[in-house]
Amino acid sequence: MCNYSISSFNRRRRPHAPDYRRLIPLLLALLLLGLATTPVAAHGIEIQDAVPAPGSVLDESPSVVTIIFTEEVIDGESSLQVLDSQGNAVDDGDAALDLNDPEHATLVAHISRALPDGIYTVSYRVKVLDGDVTEDEFRFAIGDKYAAQDLAPPVAGEAAEPVTTPSPTLEASSQSPPADPEGDDSPFLFIALITIVLIVLAFVIIFIARRRSPSS
């Protein structure tokens, strides 16, 4: 009778092992929260085709400038301008998304007046569906005198004239600096590290819970 009372008392006083398995949903929620709040590296949209083409030399003034991008852009939040060597806009100011393009990836600007010979800059700012914004420019020229030589970027406040010294081509000067690969990959490395840490922690908690389970 005494032994039964002591054993019953010990069972009542025995502390219950904490159920670590209840922490698993919390860890999963923290993992999802971390993935949702981690910044994703922005990506730059690229030109698939353009008329006039970057770095091209035309015989006569174009009546329209068209840029086709590699993905859909947002109408009303994307712009396109054609500038002369003085930085003045020479297009009609009606640049907009081409509604005839089912991919919604084409911007068009019209030029109603004949442009004189010179170097012109096509400047664009486009926003894609995920919110990333890309700003860039390229140049083209009008006039046979620019056909036999490389074209330097126009200098603000000076007329664009043929140059006699070697200089970068229009197409080369329009390219953006190469992106830093380490900077682009750092958010993904951070996500991978957090994911691995949480998975390992979850397995450790499951292992401890099984070791301390009364059934074991």
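The values are calculated or read from the model by the stated rules, or taken from the named source; none is laboratory data. Everything numeric here is computed off the predicted structure, so don't read it as measured data. Note that each Cβ is placed from the backbone with ideal geometry, even for glycine, and that neighbours are counted across all protein chains shown. The accessibility values were calculated without ligands, DNA or RNA, using every heavy atom of the protein model including side chains. Shrake-Rupley method; radii C 1.70, N 1.55, O 1.52, S 1.80 Å.
Looking at the structure I just gave you, is Arg139 open to solvent by 10 Å² or more (accessible area, probe 1.4 Å), among the basic types (Lys, Arg), on the phi < 0 side of the Ramachandran plot and part of a loop (DSSP other than H, G, I, E, B)? So Arg139 does not fit the description; no. The residue list Ala114, Ala105 contains one member that is under 18 Å from Ser56 (Cβ atoms) and either within 20 Å of the chain's Cα centre (by Cα) or surrounded by fewer than 18 Cβ atoms within 10 Å (Cβ to Cβ) (or both), which is Ala114. The number of residues in segment 37-91 being modelled with pLDDT under 90, aliphatic (A, V, I, L, M) and open to solvent by less than 80 Å² (accessible area, probe 1.4 Å) comes to 3.
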